[in-house]
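> Before I ask anything, let me first share the structure, which is written out below as structure tokens.
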Amino acid sequence: MNATIRRARPEDAALVRTLVGELADHQDEGRYVTSTVDRWQELLAEDAVIVLLAQYDSEPAGYVSAVRRLHLWSGTDVLGLDDLYVREAFRSKGIGRLLMLELARVALPERLTISWGMRPSNHGGQRFYRRLGAILGDKVVARWPAEAYSRQLTDESAATGKAALADEAALADKGGVG
């Protein structure tokens, strides 16, 4: 295999933005990608932002991205894997595995846990991650966009606290949040 993996630098911002856009389009979520090349230049200069680029025969083939963050339960840092993407022309060549192994090399000196989520329908991804030794759970990942919570904050029932109290009581009956 003629593949190489390297960490992205600020001067790779345009390529990273292109690859992120391709993945989002593949998932029918391109409309949500709002990061600019300028913003990617800033992000790639941050130590906590890890983007590893794969090249195959000198062609950009894919990337894996992660962000170092604090895990409050353990009091230690973890790597939150955001994306793993291999361009269609380069799939089934071992590039995804190489990207994941290089991310593991980044995490190994401090023995950081790498965690991520994926769509339940991504059965191929689940098989791939299991082959790497990942432990797959069944936790539901929730997002609360600003538009949604701002509506809650302005809603009369939320302002009076009635809905919030009812929700808290229901959560208490079930034993908490997570």
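> What residues have an amide H closer than 5 Å to that of Asp77, excluding those fewer than 5 places away on the same chain, when H is modeled at 1.01 Å from N in the peptide plane?
His71
> Taking 8 Å as the Cα distance limit and 6 or more residues as the minimum spacing, I'd like the relative contact order of region 59-163 as a percentage.
Computed over region 59-163, the figure is 20 percent.
> Roughly what would the spin-label model give for Ser115 and Val141, points 7 Å off Cα along C-beta, in nm?
1.2 nm
> Continuing with this model, one more query. What is the distance, in nm, between label points placed 7 Å from the Cα along the Cα-to-Cβ direction at Arg151 and at Ala45?
With each label point 7 Å from Cα toward Cβ, the separation is 3.8 nm.
> To continue, here is another question. Calculate for the chain the 222 nm mean residue ellipticity that helices alone would give, adding -39,500 (n - 2.57) per DSSP H run of length 4 or more and normalising by residue count, nearest 500 deg cm²/dmol.
Value at 222 nm, helices only: -12000 deg cm²/dmol.
> Another question about this same structure. Mind telling me which of Leu43, Leu132, Leu19 comes out most flexible in a GNM of the chain, alpha-carbon contacts under 10 Å?
Leu132
> For the chain, what is the charge dipole size about the Cα centre, in debye to the nearest 20, if Lys and Arg each add +1 at the Cβ and Asp and Glu each add -1 at the Cβ?
In total the dipole reaches around 760 debye.
> Here is a follow-up. Report the full-extension gain for the segment Leu132 to Gln27: residue separation times 0.36 nm, less the Cα-Cα distance, to one decimal in nm.
Result for the pair: 35.5 nm of gain on full extension.
> Using the Cβ atoms and a cut-off under 13 Å, what net charge is assigned to the surroundings of Arg9, where Lys and Arg are +1 and Asp and Glu are -1?
So the environment of Arg9 carries a net charge of -3.
> Two decimals is fine: what's Rg over Rh for the chain, C-alpha atoms, Kirkwood radius as Rh?
1.04
> Separate question: Just the Cα atoms of region 23-128, one point each, no solvent: what log10 I(q)/I(0) does Debye give at q = 0.10 Å⁻¹?
After summing over all Cα pairs, the log10 values are -0.32.
> Provide Lys139, Lys93 in ascending order of the number of other Cβ atoms located within 10 Å of each residue's Cβ, fewest first.
Lys139, Lys93
> Antiparallel versus total DSSP beta bridges in the chain: what percent is that, nearest 5?
Among the beta bridges of the chain, antiparallel pairing accounts for roughly 90 percent.
> At Ser35 and Leu72, where each label point lies 7 Å from the Cα along Cα→Cβ, what is the point-to-point distance in nanometres?
Modelled inter-label distance: 2.4 nm.
Each reported figure results from applying straightforward, stated rules to the coordinates on display, with no laboratory input. Source: prediction; values computed, not measured. Please note: Cβ atoms are built from the backbone with ideal geometry, for glycine as well, and neighbour counts cover all protein chains shown.
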